[in-house]
Amino acid sequence: MALRAALRHKCGLSAVLTQLAVGTSHGRVSMPLLLSQQRNRSTASRVSVHFDQSTGVAVMYMQSPPVNSLSLDFLTEFCISVEKLEMDKGCRGLIITSNQPKVFSAGLDIMEMYGKTPERCGEFWKAVQEMWLKLYGSNMVIISAINGSSPAGGCLMALTSDYRIMADNPRYNIGLNETQLGIVAPFWFKDTMVNTVGHRSAELSLELGLLYSPSEALKIGLVDQLVPEDQVLTTALQIMTKWLAIPDHARQITKSTMRKPTIDKLMSSREADVQNFVSFITRDSIQKSLRMYLEMLKKRKA
């Protein structure tokens, strides 16, 4: 689906990218887990975790077709998986990547916000918050192996990592592009972006809703390293060994010092943030835009 079609309908949600495996670039509009073993989840699972006890590193594969959209079910399973790894003292590092071709994650699931009760919308937004809190505040070293496009909520997930490696493919993009869709990124999206790329780059990115190509993302510090597409995961595993060479306690305390103010800011206003989201998403005008967008998708599939 062309992004300009979404813009024409002014859906006003980062979630319109749920069905997009590829987007546009800057300059254009553009469980229970058995942690004692390496193990695949069932084919019905939205998340597959491989944990290697000998290295203390887990690899989490997002596998929710077609584009790893962040639905309530996905977020619930994802958060449970992260929590179980966090509780296992043998797990020191987590690499997050995708099993879906050409996409890391296309962002929030539009179907979680259309025609749902305020209670359901609130439950969904709490799950989005929980995903961010568990990743951004994790004691584990987290590396995102970004092997496809990662707009909106997918970009937020990547931003929570300690290190981001992206496939050097100009067809892929990454960014918080909410304003292109008529809405404002929540303050904790904004703060995470500022903490990563600095105030001025974040201001330009957020106001213009920019999606960056891999080379552009590297230039502003949105990602840390570019590698050929077939080397994203192997490079992440190599980089992880450097991070794990640092004593855990020193690294964890330093990470907490850097990130705790941002985490505390959301924790102190979490319920208000949920209410703001619910108030916005349940407006008649927004629901109408969502309906128009879904009807457009049906016509495209017909």
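The values are calculated or read from the model by the stated rules, or taken from the named source; none is laboratory data. No experiment lies behind these values; they were computed from the predicted model shown. Neighbour counts are summed over all protein chains in view; Cβ atoms, including those assigned to glycine, are modelled from backbone coordinates with ideal geometry.
Can you name every residue in region 174-224 that is under 26 Å from S289 (Cα atoms), β-branched (V, I, T), in contact with a Ser or Thr (Cβ under 8 Å, 6 or more places away or on another chain) and surrounded by fewer than 22 Cβ atoms within 10 Å (Cβ to Cβ)? I183 - this is the single residue of region 174-224 that is under 26 Å from S289 (Cα atoms), β-branched (V, I, T), in contact with a Ser or Thr (Cβ under 8 Å, 6 or more places away or on another chain) and surrounded by fewer than 22 Cβ atoms within 10 Å (Cβ to Cβ).
Identify all residues within region 250-302 that are among the acidic types (D, E) and either over 23 Å from T117 (Cα atoms) or surrounded by 12 or more Cβ atoms within 10 Å (Cβ to Cβ) (or both); write none if there are none. If the condition is that a residue be among the acidic types (D, E) and either over 23 Å from T117 (Cα atoms) or surrounded by 12 or more Cβ atoms within 10 Å (Cβ to Cβ) (or both), then D264, D273 are the ones that fit. Would you call S285 farther than 18 Å from I142 by Cβ, small (G, A, S) and part of a helix (DSSP H, G or I)? Criteria met by S285.
Checking L266, L222 one by one, the residue that is part of a helix (DSSP H, G or I) and aliphatic (A, V, I, L, M) is L266 and no other.
Checked against the criterion of being more than 17 Å from S161 (Cα to Cα) and surrounded by fewer than 23 Cβ atoms within 10 Å (Cβ to Cβ), the candidates M131, M111 yield just one match: M111. Of all residues in region 143-160, those satisfying the criterion of being buried (at least 24 other Cβ atoms within 10 Å of the Cβ) and not in a helix (DSSP H, G or I) are I143, S144, A145, I146, N147, G148, S149, S150, P151, A152. When each of R300, R251, R270 is tested for being at pLDDT below 95 and either at positive phi or among the basic types (K, R) (or both), the lone residue that passes is R300. Kindly check whether there is at least one residue in region 90-109 that is part of a loop (DSSP other than H, G, I, E, B), modelled with pLDDT of 95 or more and among the aromatic types (F, W, Y). Looking for residues that are part of a loop (DSSP other than H, G, I, E, B), modelled with pLDDT of 95 or more and among the aromatic types (F, W, Y), one finds at least one in region 90-109, hence yes.
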